[in-house]
Amino acid sequence: MYSIAIDGPAGAGKSTIAKTIAKKLEFIYVDTGAMYRAMALYFIRNGIDPSDENAINAACADVHVGIAYENGAQQVLLNGENVTGLIRTEEVGNMASKTSAYPTVRATLLDLQRDLAKKADILMDGRDIGTNVLPDADLKIYLTASSEIRARRRYDELIEKGEKADLAQIEKDIIIRDKQDMERKIAPLKKAEDAVLVDSSDMTIEEVVECILEEFEKVK
């Protein structure tokens, strides 16, 4: 069985790229960020302050995040409810960035993530897959892009959905999230020593996919 880990900052296009590659290789795709977002949604719904670590720790005991697949697409379950369509808001993303720094939150999901990797060929993306979740992955990719490019992509995505968006605010949020992710004490966002760096700033999705598939051919 093979495992591919794709790490990188918010808005680098990890999910889009990972889904495309997983489909081509017929691997199971696991979006770990969606798991943290599901937990964040629970905290928001229950009015829990993200800076109150004790309250977050206590709430973790009441949260079960599950993964299911419908027509090959990952569905995220929060205590049995399919919340896949509810977790992509900026509010949930910001809550996830703050609360994913806590050891209890990470431990709650770590076993589930590692267990999935034991059962099938898997492609997993997140912030600390190559460094922490799957340190023995066959291929590790660190996918990044400039904050300006990442903000523009997110802005275009929101506008396309018919939502209002402020480009400057989105870039500001991305820079803050990067800082939080890179400076957290537990499993910070960083490039694994043996990861391949892919900067997608000036690349199309197809070019990034092709680049990563070529890297995978080298380790097969």
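The values are calculated or read from the model by the stated rules, or taken from the named source; none is laboratory data. Note that the structure is predicted; figures quoted are calculated from it, not measured. Counting neighbours? That spans all protein chains shown, and the Cβs are built from the backbone with ideal geometry, glycine included. Just so you know, the surface numbers come from the protein's heavy atoms only, side chains and all, with ligands and any DNA or RNA stripped out. Shrake-Rupley method; radii C 1.70, N 1.55, O 1.52, S 1.80 Å.
Helix-derived [θ] at 222 nm for the chain: sum -39500 (n - 2.57) over DSSP H runs of at least 4, divide by residue count, nearest 500? Present the calculation step by step, with values, prior to reporting the outcome.
Working: 8 runs with 107 residues, N = 220.
Rounded to the nearest 500, the figure is -15500 deg cm²/dmol.
Projecting the Cα positions of Leu112, Ser51, Thr99 onto the charge dipole of segment 1-149 (unit charges on Cβ atoms of Lys, Arg, Asp and Glu, taken about the Cα centre) puts Leu112 furthest along the positive direction. Heavy-atom accessible surface of Asp199, to the nearest 10 Å², is about 80 Å², with a 1.4 Å probe and all protein chains retained.
Taking the chain as a Gaussian network of alpha-carbon nodes connected by springs under 10 Å, the highest mean-square fluctuation of the residues Lys119, Lys19, Lys190 belongs to Lys119. Put a dot 7 Å past the Cα of Lys164, heading toward its Cβ, do the same for Met1, and the two dots end up 4.7 nm apart.
Sort 179-186, 76-83 for me by packing, meaning the mean count of neighbouring Cβ atoms within 10 Å per residue, highest on top.
Details: 179-186: 14.0, 76-83: 15.5.
Averaged packing, sorted descending, gives the order 76-83, 179-186.
Run through the DSSP bridge list for the chain and note the antiparallel percent, rounded to the nearest 5. Kindly include the intermediate steps, with their values, before the conclusion.
Working: 8 of 25 bridges.
Approximately 30 percent, going by the DSSP bridge assignments.
What does the accessible area per residue of the chain come to in Å², with a 1.4 Å probe and no ligands, DNA or RNA counted? Display every interim value, and only then the final one.
Values: 11090 Å² over 220 residues.
Dividing the accessible area of the chain by its residue count gives 50 Å².
Each residue of segment 126-137 was assigned a 3J(HN,Hα) from its phi angle through the Karplus expression (A = 6.51, B = -1.76, C = 1.60, θ = phi - 60°), giving x, 10, 9, 5, x, 8, 9, 6, 10, x, 9, 4 Hz with x at Gly and Pro.
May I ask you to derive the FRET efficiency for Thr89 and Asp49 from their Cβ-Cβ distance with R0 = 22 Å, giving the value to the nearest 0.05? The calculated FRET efficiency here is 0.75. Of the cross-linked pairs Lys19/Lys161; Lys14/Lys140; Lys14/Lys98; Lys140/Lys161; Lys164/Lys190; Lys24/Lys119, which ones have a Cα-Cα span greater than 24 Å in the structure shown? Exceeds cut-off: Lys140/Lys161; Lys164/Lys190.
Distance between the modelled labels on Lys190 and Val219, one decimal in nanometres: 1.9 nm (7 Å Cα→Cβ projection). In this label model, Ala120 and Asp199 are separated by 3.6 nm, measuring between points 7 Å along each Cα→Cβ vector. Under a 5 Å amide H cut-off, with hydrogens placed 1.01 Å from N, Tyr2 pairs with Asp121, Ile122 among residues at least 5 apart or on other chains.
At the residue level, Thr16 shows approximately 70 square angstrom of accessible surface with a 1.4 angstrom probe and all protein chains present. The relative contact order of the chain comes to 32 percent, based on Cα pairs under 8 Å that sit 6 or more residues apart.
Once you reduce segment 118-139 and segment 1-36 to the center of their Cα atoms, the two points are 9 Å from each other. A straight chain from Leu112 to Glu81 at 0.36 nm per residue would run longer than the Cα-Cα distance by 9.4 nm.
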